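Trainee: Got a structure for you, questions after.
The values are calculated or read from the model by the stated rules, or taken from the named source; none is laboratory data. Just so it is clear, the structure is predicted and the values come from calculations on it, not from any experiment. Reconstructed Cβ throughout: ideal geometry from the backbone, glycine too, with neighbour counts over all protein chains shown.
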């Protein structure tokens, strides 16, 4: 296809080999193993994080520390961010010492945090003014996926920029979807979280009913998996519930942050999400009870009582 | 235990090879292909249905028609029922012309309808008084599963009776789970439907949000399948929604019947199911709009508006 | 008033004075004080109840005991029932020893229980065949209203029969509404309970939020009463919640019975009631916790946690 | 405490009679009639609004226009604000040309907008640093209450400041509740809106069920008012629904803004509000359908279908 051809050609100018100097900002539970994977793959890595200590292992392994996102950007061909929320991304990108302050035209910026699509679009627009090419590329798959390079990566932005980054993204995850223009990656991530939330409630109500009726939960999980009631949640978190294991996995407080973003986006679009709103409120019982850092499967406890 | 011993002995008399004469009552969308599968496998088949015409093809293929469940039972080693609801099962089994009226001691009775677990337990208790051994064995997998013998069968009742029937059940489905004592098969089926209902809502809210935000639904389905948001519903019904295809699959009115049973069982157990109650109410909009015979994926339309 | 005069005239054959002999079946928490009020007003009272002892005080005060509803009916011009549910009404009215078995043509039958409108309609139809004129006349106002004769009475049936009974109903309550034909009284009662249920949830969520935010609940109740947020529930049950008093008033288990009837009626009419379904499920937490005999204001505890 | 002593003293200087010069910022549907009421009562009024034209009538009647909130504040003993949301209040108060920029120590600032309690607390804290005494004093009662001086006013802040303002507040409304410290007035207002929202849903579900069952809605409204199902919503908006009148009253988009604030406050407090979340989502259907400027009673249409 012509488009592919063009992409291949224009890519020439920013071929993968041109993206040797990689910056990484935000070295939390997700960012650290992802940055390590690029370092191991031979990329020159410059890093910044809120807490210097988060970078110790990476620096010991050969990464370079810089004191601000701007300094990281100044020495990079491509900069990735994995920080906590919209406000953190805005500060790290648009702030006085932010990525854009240090960026030269031609820089590629890839935000892999989960944030509001509207913020991703604003950053992309600002990037365009400065000649920085931006992608929003949130992931699903959790810490395990980050370590094992099995993340699913949902990308918003233009196809050429994605083509240029693809070799790096393929080191970070195994499934890369180009969803649409700027913000579309974030939108899909929030759609993903909406589905996760209600699939969790499905598991929680189903297993609570089963348990109350005296069924063995492992039998239930085994029986429903593979049929019309089958889901990743039942198959993966069902056995944890059966074992009384409510450790994360994915923390409730992070799921709540994502559901809040999804509900806010839905509000802007006038899209009713009554089920998701219910899930969000039911998780609130766990937050009220001090369980915000348990795994999302703890929703079972709200139902089972 | 003596009883077990006796049961074991009496079972000798009804070993799989002894279950040659099969009765089938209820020849609807599920029962007909299932009965055919047994006929094709070489079993002698006697049938009864509310409408005589439902049996025409089976009779043409070698089955014998009888004018009442009692007459069917009188000539069978094992009788299956696939009828619409608790009341129908009660009439067909306990009624004046019902299965038990024609049953000799030693008969095996397998109800594959989806009904209230309490009714299954009552039938099993009555069966025990009469020397009829009962299983509740509802299925999941739909008409397609019935035709292709890929049903999942959830069995309540004692293990020996199940062992005796297993060769026949293995002709009907591919996954047979012994859940527990009488009623446990039905209970699991309702748990299964609770999970299905909320997984449907997950798909409906996720895709409605995606569509409202301008994403391509096939891209969404493809991207979320296989990850933490993955489910049978998204993988199988998501593409139908994307194509605007709301034909059944599984009809809304049947899903509603099953959710009502689940909610009633939950009420008896004082088990809250707020999400399932919401799903049940949202489907109501489709019933009100005359869409009760559409497929369950039409829930999308309630969300998308 | 003229209308009253006309009513008096058309009443002719069944004028109030003709309804001297009153039967009362069901002497629970509501029926006993209501029957007493008629006895005190000078009516000849014949009674039956499931437990003979429920009638002791009434008999001591001059009422006559009979051993079946049929016997009560045989000696009465008008029979009232106040029993627990649809099944109880059906047994007491249509059963072998029921009201209709003893009724002569011309008897007036007034069911003041809260039951399914469809059952009221069936009884009215059967009554018509036998020359018994039937009203469904459920009440709201609770035990207090029954004692103090301040009940609100919602009547379904024909206007003439209501006119004939009105003098007796005016002894029992203070507000009598002729809603429509047979079943309409029950329908309005269920509508009333739907509104009560959600007004309760309004109070519960509002006060829970206020309490969590550190406001004084009595200040809140005082401030919102009389404004757009005002309701009987806030004004009457709010102070109980503020005082930590969860005694009934109206028991949760009775509210749940009424909500179940409302949801079943709504299901038949394909009317979605998502809020009512939520209320019904939230009360379930109290049933699961053994609090089904607390007052409905205990819903606050489900929200406040 | 010294501060209290000082406050007591300084209050001498700002006794009611000292509060002659009144500033009013924000002349929308609520602010304009309220400002008029003070003007009519003889207070010297200086005004500012986003659109100059909003002040025309007031200026014609004797009020003075100033070009910024700071200028208004510089010439006033007390300043009121009635603007749209938290962001508007922050700009109008804390902005470069805001109230605080022009305020002399001793000024009283009363915000009558409905905003986030946390913003009210932040403003009060900033006011304290500058010697400006702040009250949050949101109202309920709508445009009609504003015109007819029947508003209910919910006040957060210290009692002495309230005492100083009371003569003015008594011109604006008829019920003044001192709820607690800074932010408490806003908190109560949001509690009020939570109750309003669910009382609306109660009315909507009740009347939808009644209508679907064929009852006359005016009969229903009349019958349930005054009993346990009685509420301001049923009594005042029920007749509008019965008449098919969905004009505001109170606009859906404003109710939604308030519910959003309530849900955000609840999120900070980890207070579950499942019913309120449902109401918020159901109103979304009306927003999606272009009906955000209809009256809140239009929720009926979401239920009735």
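Trainee: For residue B:266, indicate whether it is within 13 Å of chain C (Cβ to nearest Cβ), in a helix (DSSP H, G or I) and farther than 23 Å from residue A:273 by Cβ.
Mentor: So residue B:266 fits the description; yes.
Quick grid of which residues meet (1) in contact (Cβ under 8 Å) with a residue 12 or more places away in the chain; (2) within 13 Å of chain B (Cβ to nearest Cβ); (3) in a helix (DSSP H, G or I):
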position: A:134; (1), (2), (3): yes, no, no
position: A:144; (1), (2), (3): no, yes, yes
position: A:147; (1), (2), (3): yes, no, yes
position: A:154; (1), (2), (3): yes, yes, no
position: A:162; (1), (2), (3): yes, no, yes
position: A:166; (1), (2), (3): yes, no, yes
position: A:171; (1), (2), (3): yes, no, yes
position: A:176; (1), (2), (3): yes, yes, no
position: A:179; (1), (2), (3): yes, yes, no
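Trainee: Another one. Tell me the residue from A:271, A:255 that is outside any helix (DSSP H, G or I) and within 25 Å of residue D:280 (Cβ to Cβ), please.
Mentor: On the way: A:255 fails: outside any helix (DSSP H, G or I).
Of A:271, A:255, the one residue that is outside any helix (DSSP H, G or I) and within 25 Å of residue D:280 (Cβ to Cβ) is A:271.
Trainee: Is it fair to say residue D:269 is at pLDDT 95 or above and either within 27 Å of residue C:174 (Cα to Cα) or within 20 Å of the chain's Cα centre (by Cα) (or both)?
Mentor: Spelling it out, it is not the case that residue D:269 is at pLDDT 95 or above and either within 27 Å of residue C:174 (Cα to Cα) or within 20 Å of the chain's Cα centre (by Cα) (or both).
Trainee: Taking region B:107-141, which residues are under 18 Å from the mean Cα position of the chain (by Cα) and on the phi > 0 side of the Ramachandran plot?
Mentor: If the condition is that a residue be under 18 Å from the mean Cα position of the chain (by Cα) and on the phi > 0 side of the Ramachandran plot, then B:141 is the only one that fits.
Trainee: Suppose we filter region A:227-244 for residues that are assigned to a loop (DSSP other than H, G, I, E, B) and either assigned by TED's automatic domain parsing to the domain that holds residue A:144 or farther than 25 Å from residue B:145 by Cβ (or both); how many remain? Before the answer, list the steps.
Mentor: Residues of region A:227-244 assigned to a loop (DSSP other than H, G, I, E, B): A:227-230, A:243-244.
Filter again for either assigned by TED's automatic domain parsing to the domain that holds residue A:144 or farther than 25 Å from residue B:145 by Cβ (or both), leaving A:243-244.
Number of matching residues: 2.
Trainee: Can you confirm whether region C:193-213 contains a residue that is more than 23 Å from residue C:144 (Cβ to Cβ) and assigned to a loop (DSSP other than H, G, I, E, B)?
Mentor: Yes, because at least one residue in region C:193-213 is more than 23 Å from residue C:144 (Cβ to Cβ) and assigned to a loop (DSSP other than H, G, I, E, B).
Trainee: Can I ask one more? Which condition does residue B:12 not pass, out of (1) outside any loop (DSSP other than H, G, I, E, B); (2) more than 18 Å from residue B:135 (Cβ to Cβ); (3) at pLDDT 95 or above, if it passes all the others?
Mentor: (3)
Trainee: Within region A:289-301, can one find any residue that is more than 8 Å from chain D (Cβ to nearest Cβ) and within 22 Å of residue B:300 (Cα to Cα)?
Mentor: No - not one qualifying residue is present in region A:289-301.
Trainee: Right, here's the next one. Only one of C:19, C:45, C:39, C:58 is touching a strand residue (DSSP E or B) at 6+ places or on another chain (Cβ under 6 Å) and at pLDDT below 95; which?
Mentor: C:19
Trainee: What's the number of the only condition in (1) without any contact (Cβ under 8 Å) to a residue 60 or more places away in the chain; (2) within 14 Å of the chain's Cα centre (by Cα); (3) within 7 Å of another protein chain (Cβ to nearest Cβ) that residue D:187 fails to meet?
Mentor: Residue D:187 satisfies all of (1) without any contact (Cβ under 8 Å) to a residue 60 or more places away in the chain; (2) within 14 Å of the chain's Cα centre (by Cα); (3) within 7 Å of another protein chain (Cβ to nearest Cβ) except (1).
Trainee: Take the residues in region A:201-216 that are touching a strand residue (DSSP E or B) at 6+ places or on another chain (Cβ under 9 Å) and crowded, with 24+ Cβ neighbours inside 10 Å; name whichever of them is farthest from the other protein chains (Cβ to nearest Cβ).
Mentor: Among those that are touching a strand residue (DSSP E or B) at 6+ places or on another chain (Cβ under 9 Å) and crowded, with 24+ Cβ neighbours inside 10 Å, it is A:203.
Trainee: From the list A:209, A:168, exactly one residue is touching a helix residue (DSSP H, G or I) at 6+ places or on another chain (Cβ under 9 Å) and farther than 30 Å from residue B:270 by Cβ. Which is it? First the steps, then the outcome.
Mentor: Numbers: A:209 fails: farther than 30 Å from residue B:270 by Cβ.
The unique qualifying residue is A:168.
Trainee: Still on this structure: Restricting region B:67-88 to residues that are more than 23 Å from residue B:115 (Cα to Cα) and in contact (Cβ under 8 Å) with a residue 24 or more places away in the chain, which is surrounded by the fewest Cβ atoms within 10 Å (Cβ to Cβ)?
Mentor: B:75
Trainee: Just one of D:287, D:293 is modelled with pLDDT of 95 or more, in the same structural domain as residue D:197 (by TED's automatic domain parsing) and assigned to a helix (DSSP H, G or I); which is it?
Mentor: D:287
Trainee: Moving on to the next point. Is it the case, given these coordinates, that residue C:241 is more than 9 Å from chain D (Cβ to nearest Cβ), surrounded by 24 or more Cβ atoms within 10 Å (Cβ to Cβ), closer than 25 Å to residue C:280 by Cα and at pLDDT 95 or above?
Mentor: Spelling it out, residue C:241 is indeed more than 9 Å from chain D (Cβ to nearest Cβ), surrounded by 24 or more Cβ atoms within 10 Å (Cβ to Cβ), closer than 25 Å to residue C:280 by Cα and at pLDDT 95 or above.
Trainee: For region C:288-305, what are the residues that are over 25 Å from residue D:277 (Cβ atoms) and surrounded by fewer than 19 Cβ atoms within 10 Å (Cβ to Cβ)?
Mentor: Once the filter is applied, which keeps residues that are over 25 Å from residue D:277 (Cβ atoms) and surrounded by fewer than 19 Cβ atoms within 10 Å (Cβ to Cβ), region C:288-305 yields C:290, C:292, C:293.
Trainee: Name the residues in region D:217-226 that are part of a helix (DSSP H, G or I) and within 8 Å of chain C (Cβ to nearest Cβ), would you?
Mentor: Correct list: D:219, D:220, D:222, D:223, D:224.
Trainee: Here's something else I'd like to know. Out of A:194, A:132, A:139, report the one residue that is under 26 Å from residue A:94 (Cβ atoms) and buried (at least 24 other Cβ atoms within 10 Å of the Cβ).
Mentor: When all the criteria are applied, what remains is A:139.
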